[in-house]
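Read through the structure below, which is laid out as structure tokens, and then see the notes.
Computed from the coordinates by the stated procedures, all read-outs in this text should not be read as laboratory data. Just so you know, these numbers come straight off a predicted model, no measurement behind them. Positions of Cβ are generated from backbone atoms using ideal geometry, with glycine treated the same way; all protein chains shown enter the neighbour counts.
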Amino acid sequence: MRSVPFFNYPALFTSQEAEFQRIFADVGRRGAFIKHRDLEEFEKCLASFLGVSHALGVGNATDGLEVALLAAGVKDGDEVILSSHTMLATAVAVHFAGAKPVPVECGPDHLIDPAAVEAAVTPRTRAIMPTQLNGRTCDMDALGRIANTHGLLIVEDAAQALGSRFKGRCAGSFGASAAISFYPAKVLGCMGDGGAVVTNDSRVYERASELCNFGRNSAGEVVRWGFNSRLDNLHAAMLLFQLNRYDDVMRRRRELAALYTGRLDNVAEIGLPPAPDSDRDHFDIYQNYEIEAEHRNELKQYLMDRGIGTLIQWGGQAIHQLKALGFTQHLPHTDWLFTRLVMLPMNMSLSDDDVHYVCDNIRDFYGYTQ
Ligand SMILES: *Cc1c(COP(=O)(O)O)cnc(C)c1O
């Protein structure tokens, strides 16, 4: 039987083992572990790739989101509106920045619903924090209009969206600041934790750098309370190597998504993500391939029995469903959606034949001919 794991962790290393070994030896022999030229170069290349003025390597995207909020000016007692369909990290970052996370419904493409954002604005709202989910960028025109009308900041959770674009602009470049993740299973992954804060505002960049470096400014003076959150220089060197080939990654992921669409489009029991180039405004990079499925749990088991790994994002819990954290929102659409969501394999180890095998089995499950 064919085996199609949801994500092949060893392949992250083995698919580029010789280059990673060379980088490891080079960085190790130079003793270049913290804040060296590899990090500086990666930050420059990342900023230029995204079309932003500044990128700052941080320990992980959760730290990055907190720093992005604090550096943009979010304060104690503020409210920050986010999609309930996001990682816990988004809400955690808001909480530890001293603000209150306000989860709202998502729309048909699973990204935050601008109408729900508008309805959740109160006099205490300070920011909208859209998650650029699954490698797709929200309708930033609609969110920008709401932010302008109510004088709100936009801080993007672009953890899943490196290279994703809306009307030609990259996720991470729309708001006051944003964070990106280099967790191993992310589109650009390192061998551990890593992240970046990006911004077009040099004051936000300075504050973010200070926050992540014990409150020290570029002259080494302590100017505020800060903590320690840095991207390892070794990881930066490995990420830089991969960023230089990242166009191929986006192309391949879009190709896989098109293959899924071609095979599954006429299966009435499932709902697919928007296909690549299905509208002119979005350029999606398919961090995940998240479908809606009738009899979701049975389908998941059926595929597992046939060697196919799938994953239910966030362990199947939306933010507002985390009652232990004190959420009281009633979000019926998200509740309904979360009984249907499942992610199919979508990664760089996947062959075309693997995708056909996954699709054959989904079609079998619902009783379709091949
Ligand atoms: C992965 C992820 C994060 C957190 O990233 P880390 O680098 O693991 O801290 C935040 N938000 C979203 C949407 C994510 O997918």
Query raised in the report: So between residue 115 and residue 216, what do we pick up on full extension, going 0.36 nm a residue minus the alpha carbon distance?
Result: 32.3 nm
Requested in this report: Please give every one of the lysines within straight-line cross-link reach of residue 35, meaning a C-alpha to C-alpha distance under 21 Å, and leave out same-chain neighbours fewer than 8 residues apart.
Outcome: 44
Requested in this report: Using the Karplus curve 6.51 cos²θ - 1.76 cosθ + 1.60 with θ = phi - 60°, work out ³J(HN,Hα) for each residue of the range 294-303 in order, rounded to whole Hz, and write x for Gly and Pro.
Outcome: 6, 6, 3, 5, 5, 4, 4, 5, 4, 5
**Report entry** All lysines inside 30 Å of residue 300 as judged from Cα atoms, apart from same-chain residues fewer than 8 positions distant
**Finding:** 186, 323
Report summary line: Between the residues 227, 155, 134, the Cα farthest towards the positive end of the dipole of the range 110-263, that dipole coming from +1 and -1 charges on the beta-carbon of Lys, Arg, Asp and Glu, is from 134
Query raised in the report: Using unit Cβ charges (K, R positive; D, E negative) and no other charged atoms, how large, in debye to the nearest 20, is the dipole of the range 246-365 about its Cα centre?
Result: 380 debye
Query - Long-range amide H partners of residue 177 with built H, under 5 Å - result: 156
Requested in this report: Can you find, among 365, 191, 101, the residue farthest towards the positive end of the dipole of the chain? Put +1 on the C-beta of Lys and Arg, -1 on that of Asp and Glu.
Outcome: 191
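For the chain, what does the alpha-carbon gyration tensor say about shape, rounded, prolate or oblate, given a ≥ b ≥ c as the root eigenvalues, a/c under 1.5 as rounded, and a/b over b/c as prolate? Write down the numbers at each step before the final one.
Working: a/c = 1.96, a/b = 1.21, b/c = 1.62.
Cα axes put the chain in the oblate bin.
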Query - Estimated [θ] at 222 nm from DSSP helical runs (n ≥ 4, -39500 (n - 2.57)) normalised by residues in the chain, nearest 500 - result: -12000 deg cm²/dmol
Query raised in the report: At what distance in nm do the modelled label points of residue 25 and residue 88 sit from each other, each positioned 7 Å from its Cα along Cα→Cβ?
Result: 4.2 nm
Query - Computed label-point distance, nm, for sites residue 298 and residue 14 using a 7 Å Cα→Cβ extension - result: 3.6 nm
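Can you sort 182, 49 from fewest to most other Cβ atoms within 10 Å of each residue's own Cβ?
Numbers: 182 30, 49 19.
Ordered by Cβ neighbours within 10 Å, fewest first: 49, 182.
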Query raised in the report: About the Cα centre of the range 130-214, what is the dipole size in debye to 20, counting +1 per Lys and Arg Cβ and -1 per Asp and Glu Cβ, all else neutral?
Result: 260 debye
Query raised in the report: Which order do 110, 356 fall in if you start with the one that has the fewest other Cβ atoms within 10 Å?
Result: 356, 110
Query raised in the report: If you take the charge dipole of the range 9-243 about its Cα centre, with +1 on Lys and Arg Cβ and -1 on Asp and Glu Cβ, which of 56, 179, 119 is farthest toward its positive end?
Result: 56
Query raised in the report: Each label point is 7 Å from the Cα along the Cα-to-Cβ direction; what then is the distance between the points at residue 269 and residue 241, in nm?
Result: 4.5 nm
Report summary line: Spelling it out for residue 226: with amide H atoms placed in the peptide plane at 1.01 Å from N, the residues 5 or more places away or on another chain with amide H under 5 Å from its amide H are 215
Report summary line: Listed with the fewest Cβ neighbours within 10 Å leading, 338, 174 appear as 338, 174
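Add +1 for every Lys or Arg and -1 for every Asp or Glu among the other residues with Cβ under 14 Å from the Cβ of residue 217, and state the total.
Numbers: positive: 203, 207, 216, 224; negative: 206, 210, 221.
Result for the local shell: +1.
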Report task. Determine ³J(HN,Hα), in whole Hz, for all residues of the range 256-273 in sequence, where each value follows from phi through the Karplus function 6.51 cos²θ - 1.76 cosθ + 1.60 and θ = phi - 60°; x replaces Gly and Pro. Result -> 5, 5, 5, 5, 4, 4, x, 8, 10, 3, 9, 8, 5, 7, 10, x, 9, x
**Report entry** Mean separation of Cα contacts under 8 Å, 6 or more apart, over the residue count of the range 246-365: relative contact order %
**Finding:** 35 percent
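Mind checking the dipole of the chain: about its Cα centre, +1 per Lys or Arg Cβ, -1 per Asp or Glu Cβ, Debye to the nearest 20?
On the way: 35 positive and 46 negative charges, 164 e Å.
For the chain, the charge dipole is close to 780 debye.
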Requested in this report: Output the relative contact order of the chain, whole-number percent, from Cα pairs under 8 angstrom with separation of 6+ residues.
Outcome: 21 percent
Report task. Quote the FRET efficiency, to the nearest 0.05, computed for residue 6 versus residue 339 with a Förster distance R0 of 25 Å and r equal to the Cβ-Cβ distance. Result -> 0.80
